[in-house]
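Just below is one structure, and these are the notes that go with it.
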Amino acid sequence: MLVLAKAVLSMMIGFILSVIMGLITIPLLKKIRVKQKLSSYLEKKHKDKEGTPTMGGLIFIIPTVLTTIILLVTGKLEMTHNLGIVLFVFLSYALLGFIDDFLIIRRGNNVGLTEFQKLAGQLIIALIFFYIFMKSGAEPNLEISALGIKFNMGWLYGIFLLFVLVSSSNAVNITDGLDGLAGGLSLIAFLTLGLISWGSGGISGYQDMAIFCFILVGTLLGFLFYNTHPARVFMGDTGSLALGATLASIAIITKHELTFIVIMGVFIFETLVSIIQIVSMVYFHKKIFLMTPYHHHLEKLGWSETDIVKVFWVVGLLLSMGAIVYGVWI
């Protein structure tokens, strides 16, 4: 029950600080003209969103750090090795996304870091994460807990971790295209991983990682107060890269990489659709979808933005419910 009380306290503090942060940040972003520049392909459908402040990820990133510090200082949270790794990933990817957003705003177009620069930055951070994680005594095993199976992947485990971390950060980034979509799905994913981390016995600091997940649930809920339709702010790469990578790092540390695939089902689907479209265009010069990511395809079919977000949230919630049953119970 103590962990449950800490979880509720974490969400409450995170939510309050996030709402306050939004009240301060959004007017400031408008004042310094940190505005979203829409792609020409989206201008007609989302013309009213032109000029909406971006870099809104700061609304949940800074409160998450502040809430963590508050809980550490008051003795409600212990700084463990695993929690330190997660914080490193969270802040590093947030900084990378911030640099990308800053360059886009400074140049006045949608060109920030090049794809190579962004990927290189993601890989460097992922490599540092892998080094620290393995130095902590982790084994290069992929586990299927329901069957009691452990695969020793050897050096391939390193490549696997890099792939999971980088692909997860990009998947959230790709999905961040409609008001509240990526934020809501990330909230559901963190709530799920928090419950799974709580139930992952035998892992150093698993309760503290669960509480960190609950902190993010609270701060993301506060962010959604401003990001749901009609959005008053967008999270930008500052938020999306940090969220995806942090989700992946927690799944890796708690040895729930396969469960993570289910939790990230909607994100993965959006990414696969985009990859399929690119391959089809490059090799067959033909579009399979009207537009990618898939949420824009549904818009082209006449779906309203709010209906798409609601359906995707429901699918994400159902997948997460199944992941909780498997990850904690089975």
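Derivation of every value follows stated rules applied to the coordinates shown; laboratory data play no part. Everything quoted here is computed from the prediction, not taken from an experiment. No Cβ is skipped: glycine too gets one built from the backbone with ideal geometry, and neighbour counts run over all protein chains shown.
I'd like to know which of Ile276, Gly56, Ile144 lies farthest towards the positive end of the charge dipole of the chain, counting +1 on Cβ of Lys and Arg and -1 on Cβ of Asp and Glu.
Comparing the listed Cα positions along the dipole, Gly56 ranks first.
Compute the normalised compactness of the range 2-329: alpha-carbon radius of gyration over 2.2 N^0.38 Å, N being the residue count.
Its radius of gyration relative to the 2.2 N^0.38 Å reference: 0.96.
Connecting C-alpha atoms closer than 10 Å in a GNM of the chain, tell me which of Leu187, Leu127, Leu221 has the biggest fluctuation.
Per the Cα network of the chain with a 10 Å cutoff, Leu127 tops the list.
Mind checking the dipole of the range 2-329: about its Cα centre, +1 per Lys or Arg Cβ, -1 per Asp or Glu Cβ, Debye to the nearest 20? List each step's numbers first, then the result.
Working: 22 positive and 18 negative charges, 144 e Å.
Value, rounded to 20: 700 debye.
Evaluate E = 1/(1 + (r/R0)^6) for Lys30 and Ser304, where r is the Cβ-Cβ distance and R0 equals 35 Å; express this FRET efficiency to the nearest 0.05. Could you put the intermediate results ahead of the total?
Working: r = 27 Å, r/R0 = 0.76.
Efficiency, rounded to the nearest 0.05: 0.85.
Take the chain, connect every pair of alpha-carbon atoms lying under 10 Å apart with a spring to form a Gaussian network, then pick out the residue of Leu220, Leu156, Leu95 with the largest mean-square fluctuation.
Maximum fluctuation in the GNM of the chain, among the listed residues, is at Leu156.
Over the chain, with a Gaussian network built from C-alpha contacts below 10 Å, which listed residue (Ala171, Ala231, Ala210) shows the highest mean-square fluctuation?
Its mean-square fluctuation being the largest, the pick is Ala231.
Could you state, as a whole-number percent, how many of the C-alpha pairs of the range 66-191 are farther apart than 22 Å?
Numbers: 4089 of 7875 pairs.
Counting pairs separated by more than 22 Å, the tail of P(r) holds 52 percent.
Largest first and in whole Å, give the semi-axes of the range 175-262's equivalent ellipsoid, each being the square root of 5 times a Cα gyration tensor eigenvalue.
Calculated on Cα positions only, the semi-axes equal 25, 12, 10 Å.
Select from Leu28, Phe129, Gly158 the residue farthest towards the positive end of the dipole of the range 2-329; place +1 on Cβ of Lys and Arg, -1 on Cβ of Asp and Glu, and compute about the Cα centre.
The residue sitting most towards the positive pole is Leu28.
Using the charge dipole of the range 196-330 (Lys, Arg: +1 at Cβ; Asp, Glu: -1 at Cβ; taken about the Cα centre), state which of Thr219, Met291, Ser320 has its Cα farthest towards the positive end.
The listed residue farthest towards the positive side: Met291.
Arranged by the count of other C-beta atoms within 10 angstrom, fewest first, what order do Trp155, Trp313, Trp198 take?
Working: Trp155 8, Trp313 17, Trp198 20.
Fewest-to-most ranking of Trp155, Trp313, Trp198: Trp155, Trp313, Trp198.
Checking the table Lys35/Lys118; Lys31/Lys76; Lys35/Lys255; Lys30/Lys310; Lys150/Lys287; Lys35/Lys286 against a 30 Å threshold on Cα-Cα, which pairs fail?
Violating the 30 Å Cα-Cα cut-off are Lys31/Lys76; Lys35/Lys255; Lys150/Lys287; Lys35/Lys286.
Quick one: order Ser320, Ser18 by neighbouring beta-carbon count within 10 Å, fewest to most.
In increasing order of surrounding Cβ atoms, one gets Ser320, Ser18.
Ranking Leu71, Leu123, Leu258 by Cβ neighbours within 10 Å, fewest first, what do you get?
With the sparsest Cβ surroundings first, the list reads Leu123, Leu258, Leu71.
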